[in-house]
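Some notes on the structure that comes next.
Values in this text are rule-based calculations from the coordinates and carry no lab data. Please read these numbers as outputs of a predicted model, since none were measured by experiment. Neighbour counts run over all protein chains shown; Cβ positions are idealised from the backbone, glycine included.
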């Protein structure tokens, strides 16, 4: 009787270990299959193609998708697996080149671009495939040279541009330069 109970418990424990290992590998494998790494001669892209529910496609948006070990971009459609999740592109020296997120094939959230030395060159906010929110551009030393805001892919509000030692400010409304009213009287503005 004792041998039977001991044998029963050994078999039971062995089955539990085997089942948990099999299911553990399945879950890990399932997560890893969504990760895509593409190595090019001068850079390496790492992204995810997590499943996406069927969605409406818009003609004015650019969709990023994966097929045949290549990331593609097309306007108004796709033919492969939509990128969905984090995206990172690395320079040959392993420094970040591009970092951002995709949601159902569309750029979303903050996207940053760096040079090979790791200096940030620009940063844009995206929402549903369109520039929406603050942006900044930087020179090769990392100094801010331009800031502004987009709304639905159009410049909106105050844009500040640094040119040498001076700063130029332009105001936009729905992508068009807006005449900014000055507090100075016209005769003084005409002098300067």
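Under the classification rounded if a/c is under 1.5, otherwise prolate if a/b is larger than b/c and oblate if not, where does the range 80-152 fall, given a ≥ b ≥ c as square roots of the Cα gyration tensor eigenvalues?
Numbers: a/c = 3.95, a/b = 1.18, b/c = 3.34.
Oblate shape, in that a/c is at least 1.5 and b/c is the bigger or equal ratio.
I need the peptides 86-97, 46-57 ranked by packing, meaning the mean over residues of other C-beta atoms within 10 angstrom, with the highest value on top. Spell out each step's value before the answer.
Details: 86-97: 15.2, 46-57: 12.5.
Averaged packing, sorted descending, gives the order 86-97, 46-57.
Taking square-rooted eigenvalues a ≥ b ≥ c of the alpha carbon gyration tensor, is the range 117-157 rounded, prolate or oblate, where a/c under 1.5 means rounded and, failing that, a/b exceeding b/c means prolate?
On the way: a/c = 4.45, a/b = 1.93, b/c = 2.31.
Verdict is oblate for the range 117-157.
For the range 35-95, state the semi-axes of the equivalent ellipsoid (square roots of 5 times the eigenvalues of the alpha-carbon gyration tensor), sorted largest first and rounded to whole angstrom. Could the numbers behind the result be given before it?
Details: eigenvalues 112, 28, 19 Å².
Taking √(5λ) for each eigenvalue gives 24, 12, 10 Å, largest first.
Give me the tail of P(r) for the range 56-192 as a percent: Cα-Cα pairs with distance above 22 Å.
Numbers: 4908 of 9316 pairs.
Roughly 53 percent, once rounded to a whole number.
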